[in-house]
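A.B. asks: Quick one: the structure is below, questions incoming.
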Amino acid sequence: MGLFDEWKIKRECAKSGRKKEYDEYKKSKEAYITEKNMHERYLQKAKLSFEEVKKIHSTSSREYLTALDEVNRWTYAVSEDELKLEFIRPNNAEDIKYREQIIDKFSGEISKILLGDTSIRFHGTPIYFTREILKSGGIFSSSSRFDGYDSSTDLEDEISVTTAETINRTLSFFTDFYAFSRCLPAGCLFVLRDNGAVDSELVKYASMKSFKFREQPERILGICTTEENILRVKGWLKQYGYDENIVYTYEQFLNVAKTLKKENKDRVPEEDSEKQGYQSEIVDEVELINMLEESEENEYLENKGKTR
């Protein structure tokens, strides 16, 4: 962002009486720049160390793999720092109020509409990763994007998801609704159709197999986001060759969800045994979570999908 762009932001905040928001923005941006500079130093150090390791260790050695992982770790960190700096902006009071209220509201409504339907999965991600997902053509684990580096517990060919009954976790932990504390927009919620038997077993692990969006576009049921992001996401969808009409506000998607539920009801009688399997998997997932102490559950969820 150039000096003129910064001047425009400051001027717009001054005109709208948002001096406090502008000061918070400047403070957050300075913190991000400091963090990025630190990560770049770590990356440079890791690269130098890796070059030395390559001279004396084979590519299958533990020393080689550890050094490579360090390079990928800091490459990932710097990449995310750059994206955050691209998307940071001053907060808006109305946006914050909406984000604080929508989690419980949407979670409650969608769980009622899609009760018992585990074929529809939800994946949350920050706004800056939303663009990268659409650009790359799918949601893939960090290990497949950063030469084996794992930033989450996802397997290489799997992604973290929840169902309508457990969606509150995705919204609370992974959709950046509270990122206004760092002056970032809210993220996006990808609504995806599972792949039948391939994914039905994975529901109890809060996962599903990753897939290429352009090969199976019908499985992208929608992308939910805040009003601030609608035009931005529409532009990305058009730019990268998707149907730009699949992006919705959370309220708009509730109406879409009702039609999805009707479609599923029409399909279910043909596969009674599969329906029974879905019901048992819901129970399995509840039992799995009940086995975890509350503190362990929070730690597990925070590590599960921070990625992406």
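The values are calculated or read from the model by the stated rules, or taken from the named source; none is laboratory data. Computed from a prediction, not measured in an experiment: that's the story for all the values here. We place every Cβ from the backbone using ideal geometry, glycine too, and count neighbours over all the protein chains shown. Side chains included, ligands, DNA and RNA excluded: accessible areas come from the protein's heavy atoms. Shrake-Rupley method; radii C 1.70, N 1.55, O 1.52, S 1.80 Å.
A.B. asks: What is the percent carbon and sulfur in the accessible area of segment 66-126, measuring with a 1.4 Å probe over the protein chains and ignoring ligands?
C.D. replies: 50 percent
A.B. asks: Sticking with this one: Could you work out what % of the accessible surface of segment 1-51 is carbon and sulfur, using a 1.4 angstrom probe and leaving DNA, RNA and ligands out of the count?
C.D. replies: Ligands and nucleic acids excluded, carbon and sulfur reach 55 percent.
A.B. asks: Any lysines with Cα under 18 Å of the Lys209 Cα? List them, leaving off those in the same chain fewer than 8 positions away.
C.D. replies: Lys304, Lys306
A.B. asks: List the pairs from Lys212/Lys258; Lys26/Lys84; Lys20/Lys105 whose alpha-carbon separation is above 20 Å, in the order I gave them.
C.D. replies: The pairs that break the limit, which is 20 Å between Cα atoms, are Lys212/Lys258; Lys20/Lys105.
A.B. asks: Taking amide H atoms as placed 1.01 Å from N in the peptide plane, list the residues 5 or more away in sequence, or in a different chain, whose amide H sits under 5 Å from that of Phe177.
C.D. replies: Gly187
A.B. asks: With just the Cα atoms defining each centre, how far is segment 160-210 from segment 65-101? Give it in Å.
C.D. replies: 18 Å
A.B. asks: Another one. Which shape class, rounded, prolate or oblate, goes with segment 24-148 when its Cα gyration tensor gives a ≥ b ≥ c as root eigenvalues, a/c under 1.5 marks rounded, and past that a/b bigger than b/c marks prolate? Please report the intermediate quantities before stating the final value.
C.D. replies: Working: a/c = 3.61, a/b = 1.58, b/c = 2.28.
Oblate, since a/c reaches 1.5 and b/c is not below a/b.
A.B. asks: Could you name the lysines in cross-link range of Lys54, using Cα to Cα under 20 Å and dropping any fewer than eight places away on the same chain?
C.D. replies: Those lysines meeting the cut-off are Lys45.
A.B. asks: Which loop-located trypsin sites (Lys or Arg not before Pro) does segment 164-254 contain, where loop means any DSSP state but H, G, I, E or B and the Cβ has at most 12 other Cβ atoms within 10 Å?
C.D. replies: In loop regions of segment 164-254 (DSSP not H, G, I, E or B), the sparsely surrounded trypsin sites (Lys or Arg not before Pro) are Arg214.
A.B. asks: If you don't mind, another one. State in Å² the accessible area per residue of segment 1-75; use a 1.4 Å probe, count heavy atoms of protein chains only, and round to the nearest integer.
C.D. replies: On a per-residue basis, segment 1-75 sits at 74 Å².
A.B. asks: Would you mind working out the accessible area per residue for segment 162-210, using a 1.4 Å probe, and quoting it in Å²?
C.D. replies: That works out to 29 Å² for each residue.
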